[in-house]
1. With +1 assigned to the C-beta of every Lys and Arg and -1 to the C-beta of every Asp and Glu, and no other charges, what is the dipole magnitude of the chain about the Cα centre in debye, to the nearest 20?
2. Counting only residues 5 or more places away or on other chains, whose amide H sits under 5 Å from the amide H of Ala30 once H atoms are built in the peptide plane?
3. For Leu235 and Lys194, calculate 0.36 nm times their separation in residues minus their Cα-Cα distance, and state this gained length in nm to one decimal.
4. Can you tell me the order of 86-97, 71-82, 241-252 when each peptide is scored by its average per-residue count of other Cβ atoms within 10 angstrom, highest first?
5. Take the Cα pairs of the stretch 204-250, get the Kirkwood Rh, then feed it into Stokes-Einstein at 10 °C and 1.306 mPa s and tell me D in µm²/s.
6. Report the net charge of residues surrounding Phe130, where surrounding means a beta-carbon distance below 13 angstrom and charges are Lys +1, Arg +1, Asp -1, Glu -1.
7. If you project the alpha carbons of the stretch 58-118 onto their three principal axes, what span does each projection cover, largest first, in Å?
8. With a point put 7 Å past each Cα toward its Cβ, work out how far Ser216 is from Leu33 in nm, to one decimal.
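Bear in mind that the values in this text are calculations on the coordinates, not laboratory data. Only a predicted model underlies this, so the values are computations on that prediction, with no experimental measurement involved. Here Cβ is always computed from backbone atoms with ideal geometry, including for glycine, and neighbour counts include all displayed protein chains.
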Amino acid sequence: MSVQGGVVVQSQPVEKVGLVEIDRPEVRNALNLEVREKLAAAVESFANDSGIHVIVITGRNGDFVAGADIKAFEKLGSADVLTQRTHRYWEAIARCPKPVIAAVEGYALGGGCELAMHADIIVAARTATFGQPEVKLGLMPGAGGTQRLLRAIGKYKTMMLLLTGDLLSAEQAEQAGLVSLLTPEGEALQHALKIATKIARMPPLAVEQIKEAVVSGEDAPLETALRLERKAFQLLFDTADKREGIAAFLEKRKPSFTGR
Ligand code: CO8
């Protein structure tokens, strides 16, 4: 399967894993409106596909995404940006109930770094580069950069990066807590697919509940977040996959999960 051709390519390279690739080599995969629209549509279609358990997002041709398309910004005024309502495209990714993994090679800058931070796991080649250099354009992050980076790496590193526009090597990003796994150059996607395959074999209801508890709990008061976790934990006790998981452990065999 491969749909949405052109700037966004959607495929299923491994069982239960949906892959979304951004392909605009002439601008290092910069995000114009068309890419954002197609990216959101691709993620949404995988989110609604019961045969897909995990989604991987990557860029083709050696880069993740070098940011919003700066050329497309040239003639835009405030009212144009407002009426584009592009946050709906980002929300489609942010609200995806299935795990999303970003596989990053090359540049993940501005909207590209923000796109990576919409994922639940970030796998990056050692040669990748992250950053939010919008300040150098007289702008600022507009797709979650000020908030997601803050939550990922804390106030003081975030402030330094956002205010100077300086970039982070993948190793610095990993040390700061922005990267889940470092890989050799050219291997981010293969490692991301390996992780995706592993997660795709897990019972999907447990996986979705874990994601929801972590994502929703992050911004809730601790007491509320712990209650949320407890409710999700209790909910799982009535699933067929919980019965199968426990039975398989006790019978010393491999479990066979059905997603029910
Ligand atoms: N937009 C448009 N074109 C781009 C972009 C971009 N973000 N990045 C690179 N390109 C183009 C270059 O203009 C160049 O085109 P051409 O060959 O026609 O001159 C081509 O890609 C190759 O790039 P370079 O020659 O510059 O390659 P280098 O290896 O010298 O440098 C860099 C690579 C470091 C990535 C450099 O191109 C760069 O700094 N790019 C801009 C990075 C940036 O500022 N990103 C932030 C953009 S603003 C933003 O993302 C706001 C987000 C708001 C959220 C909502 C929107 C998504």
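1. On the way: 31 positive and 32 negative charges, 132 e Å.
Value, rounded to 20: 640 debye.
2. Ala66
3. Details: separation 41, 0.36 × 41 = 14.76 nm, distance 2.88 nm.
Extra length available between Leu235 and Lys194 comes to 11.9 nm.
4. Values: 86-97: 16.6, 71-82: 9.8, 241-252: 12.7.
Top to bottom by mean Cβ count within 10 Å: 86-97, 241-252, 71-82.
5. Numbers: Rh = 11.3 Å.
It comes out at roughly 140 µm²/s.
6. Values: positive: Arg126, Arg148, Lys157; negative: Asp63, Glu105, Glu114, Asp166, Glu171, Glu174.
Summing Lys/Arg as +1 and Asp/Glu as -1 gives -3.
7. Cα spread of the stretch 58-118 along its principal axes, largest to smallest: 34, 28, 14 Å.
8. Result: 3.5 nm between the two label points.
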